[in-house]
Amino acid sequence: MSDYEGSAANEDDLSLPRATVYKLIGEMLPEGTACAKDTRELLLDCCNEFIHLIASESNDICEKEAKRTIAAEHVLVALHELGFGKYVAKVQEAHDEHRKQQTKDRGRKSTKLSQLGMSEEELLRSQELLFAQARMRYQTQTTQSQSGNSTPATTNSAQ
């Protein structure tokens, strides 16, 4: 029995999304092969247990190093120590690819600013102007609604 089993709510909190795992299972199976529902559930439980095992071992390694954050290196060492050493190279490759993608995404965000055709100072002035206009509209509406509410009340009381 794993550490996180016990109540249904806790198990759901610590579980991979069923639809995602089911989709992965379907993609891995050869054409025309079916997978029984209880088998899919068993695979989901195995995936959850594997992640829990790796995370726990990574946390232990992290604590031994007196660190407070689990790093990718901790996960790689945990895989090796748990007997999954032959997967370390592929996991490292996937991690490197992920880092490259993150760097590209950051680059795209910074190029959006340059594509606007305005300097940062011009953008700030424009933003301040928009805030001032919005503030004036808000104050005008507030003033009108306050004077609009008092007028009908005095008219009704006079009748």
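The values are calculated or read from the model by the stated rules, or taken from the named source; none is laboratory data. Since we're looking at a predicted model, the values are computed, not measured. Heads up, the Cβs are rebuilt from the backbone with ideal geometry, glycines too, and the neighbour counts pull from every protein chain shown.
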query = Exactly one of (1) touching a Leu at 6+ places or on another chain (Cβ under 6 Å); (2) modelled with pLDDT under 95 is unmet by residue 88. Its number?
reply = (2)
request  = Scan segment 48-74 for residues that are outside any helix (DSSP H, G or I) and without any contact (Cβ under 8 Å) to a residue 12 or more places away in the chain and jot them down.
outcome  = 65, 66, 67, 68, 69, 71
inquiry  = Given the condition at pLDDT below 90 and within 24 Å of residue 78 (Cβ to Cβ), answer yes or no: does some residue in segment 35-53 qualify?
reply    = no
inquiry  = residue 77 - would you say it is assigned to a helix (DSSP H, G or I) and touching a Leu at 6+ places or on another chain (Cβ under 6 Å)?
reply    = no
